[in-house]
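J.: Right, I'll just put the structure down here and ask away after.
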Amino acid sequence: MSFYHEILEFHTQGDCDMIDITKGVEDVVKRSGMTSGICTVFCAGSTGSITTIEYESGLLSDFPEAMERIAPSNAEYKHDLRWRDGNGYSHVRASIVGPSLTVPFVNRQLTLGTWQQVVFVDYDNRPRNRTVEVVIIGG
């Protein structure tokens, strides 16, 4: 069993900005030199998440609309009352979806479904520089 680690860095716009990071994650798997194992992708931050989705225009619109229904941006959040940063909804949304995803890989290929991409979602209320940890365990 071997271990490999890289960090992906990118800029996001906030407001449920969805970034397809599949290619970056696939490249890390290939650079690891491992043939099979698991790849964990972790978001360092409390207002972003990692998930999978079919990265197409309909869902790029549907997903933010669903998040607005689940954790409305205009609701009152105790976090906002305490810190006055206006992003309480961002923390709630990120907590619901979660900060990480683990995907198996075989023959140096992620075992994603045909229409499944790995995405980073930024729920914050402003643009940010983001980092994602990619950890490979395998052989």
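All of the numbers you see were taken from the coordinates with simple rules; none came from a lab. Note that the coordinates shown come from a computational prediction; the quantities given were computed from them, not determined experimentally. Quick reminder, even Gly has a Cβ in these numbers, built from the backbone with ideal geometry, and neighbours come from all protein chains shown.
J.: Does anyone have the angle between helix 57-70 and the longest principal axis of the chain? Alpha-carbon axes, 0 to 90°, nearest 10?
T.: Taking the Cα atoms of the chain, the angle to 57-70 is about 50 degrees.
J.: How would you rank R31, R69, going from fewest to most other Cβ atoms within 10 Å of each one's own Cβ?
T.: Going from sparsest to densest Cβ surroundings: R69, R31.
J.: What would the Debye equation give as log₁₀ I(q)/I(0) for the chain at q = 0.09, 0.12, 0.21 Å⁻¹, counting only Cα atoms as equal point scatterers?
T.: With no solvent term, the Cα-only Debye profile gives -0.29, -0.49, -1.20.
J.: Okay, next question. Assign unit charges at the C-beta atoms only (+1 for Lys and Arg, -1 for Asp and Glu), then state the dipole size of the chain relative to its Cα centre in Debye, rounded to the nearest 20. If you can, show how the numbers build up before the last one.
T.: Working: 12 positive and 18 negative charges, 86 e Å.
Computed charge dipole of the chain: roughly 420 debye.
J.: Another question, if that's okay. Output the 0 to 90 degree angle, nearest 10, between the alpha-carbon long axis of helix 22-32 and the longest principal axis computed from the alpha carbons of the chain.
T.: For 22-32 against the chain, the angle is about 40 degrees.
J.: Given labels modelled 7 Å from the Cα in the Cβ direction, how far is it in nm from K78 to I38?
T.: 3.3 nm
J.: Using a Gaussian network model of the chain whose springs link C-alpha atoms within less than 10 Å, name the residue from R128, R82, R93 with the highest mean-square fluctuation.
T.: R82
J.: Extension gain N125-R69, at 0.36 nm per residue separation less the Cα-Cα distance, in nm? Don't skip to the end; give the middle numbers.
T.: Numbers: separation 56, 0.36 × 56 = 20.16 nm, distance 1.64 nm.
So the chain would gain 18.5 nm between N125 and R69.
J.: If you don't mind, there's one more thing I want to ask. How big is the gap, in Å, between the Cα center of segment 55-105 and the Cα center of segment 27-52?
T.: Value for the Cα centre distance between the two parts: 21 Å.
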